[in-house]
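What follows is a set of notes on a single structure, which appears directly below.
The values are calculated or read from the model by the stated rules, or taken from the named source; none is laboratory data. What you see is a predicted model; the values in this text were computed from it and never measured. Positions of Cβ are backbone-derived with ideal geometry, glycine not excepted, and every protein chain shown enters the neighbour counts. Heavy atoms of the whole protein, side chains included, go into the accessibility calculation; ligands, DNA and RNA do not. Shrake-Rupley method; radii C 1.70, N 1.55, O 1.52, S 1.80 Å.
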Amino acid sequence: MAKGKGRRRERGLGAFRAVLALACLAVFASARAQEAAPSLPVDQKAVDLEAKRRDFQGVQSNLAQSEAEKKKIEAEIASYQNDRAALVTALIDAKKKIEENEARIAEAQSRLDTLTGSEAAIQRSLGSRRDVLMAVLAALQRMGHKPPPAMLAEPQDVLRAIRSSMLLGAVLPQLRSETEALANDLQDLVSLRASIAKEKADLAADLDFRRAERARLEALIEARQKSIGAAREAFAAEQAKAQALAGQAANLKDLISRMENELDSSRKAAELARKADEDRARLTEQEAEDAKARFANAPQRDPARLAPAIAFADAKGMLSLPAAGTVIKYFGAPSDFGGVEKGLSLATRANAIVSAPSDGYIAFSGPWRSYGQLLIVNAGGGYYVVLAGMARIDVSVGQFVLAGEPVGVMGDGTAKTAAAVAIGATQPVLYVEFRKDGAAIDPGPWWSKSEMQRVRG
């Protein structure tokens, strides 16, 4: 009878060990299934051929897609022919879409980094549990080779039986809790990998959208500049003269003065700005208030306007920063040269699109000293907006631009301007300065509250 009980106890213990071992092996197999798939003997040439065939099909598909996108953009531009308002509206809309898309891409990348970090933490947790469970399995296997004796069969060895029972009683609850924790971790790992796959798919779709919208924006900019340049036969000569004048200028005030006194296109732009100020002075108080209300509501602004909608002084609290980014130096902050900052420095993403913060006429466009590519906008009323640090400028002297209209593109941060070097920035830095009657002023009051909350956020 004692022998029968001993055999039943041994069979029960053996069954438990078998079930536990299978469960643990299944757990380990699930945890490592995606880490290392078993290698199968295959024909390497066939694999290479299939890979090349897929690559070729991918290239063909991309070419077909690019051609279709190109035709779509060309058809869109053709519909804007002789319609400046529609072209500028499309430019502003494309810039807005790209910035919103880039913000989504940045958020998705941040979420993906977090998910990947969580996955790595769970993998480390699984690795640490594997050592514990393998040690327990080894102990159970040793017990299986030498099971505890039945008390009735060998009453003299009661101490061994009691010790074995105490060991099992201590080990089984721990195994249960370890197995439950492991199962929870594995479930979290499965969910994380599903989330990572979805984030990657969404990120790929957003990147494709940005590429297509960038191509559309480039085509729209080219169409805009062609429509302007076609009516300007002396454009190249003007550009050469502008660079010669820039080389003689001692400072920004001198540069603006030389351009508007000696360059025809800049002088005409300054005259148009003065005329716009005079026309606005003749408006009634109600008409001026209505104009301000329309300007404050961006969708109601007239995209066909060829003069500033409102006086620059009246635009306080209504302007948007010229590029998406983070302000890293504010007006009035101590500078690295012993003085104070005359403008603000905005750290942007690589290749960020730069837009005009306000309506105005281009007074200067081109490289100048350590500013990199420099753009000066005559906003009227003696106000000027200075933008520096771009890799490329897409507007020319004398051209009228609307608030929010794309005017240039930042670089990737490798080319350093004086502002970037002074700050020690590794990313592109856009320098923004507002000037009134030749002196730098604080641009802070002109930015909208939501805009400043966003860049500080």
**Complete:** Length-normalised contact order of the range 354-426, Cα under 8 Å, at least 6 apart, in percent, tallies to 35
**Message:** What does the net charge come to around Y431 if you take all other residues with beta carbon closer than 11 Å to its beta carbon, with K and R at +1 and D and E at -1?
**Reply:** 0
**Request:** Provide S448, S257 ordered by accessible surface of protein heavy atoms (probe 1.4 Å), highest first.
**Result:** S257, S448
**Asked** Once you list every other residue whose beta carbon is under 12 Å from the beta carbon of S358, what net charge do they have if Lys and Arg are +1 and Asp and Glu are -1?
**Response** -1
**Surrounding net charge for K316, when Lys and Arg each add one and Asp and Glu each subtract one, Cβ distance under 15 Å** = -2
**Prompt:** So, in nm, how far is label E218 from label Q239 when the simple model puts each one 7 Å beyond its Cα toward the Cβ?
**Reply:** 1.8
**Asked** Which percent of the accessible heavy-atom area of the range 297-362 goes to carbon and sulfur, probe 1.4 angstrom?
**Response** 57
**Fill in**
Whole-Å distance linking the alpha carbon centroid of the range 363-402 with that of the range 231-300 is 11
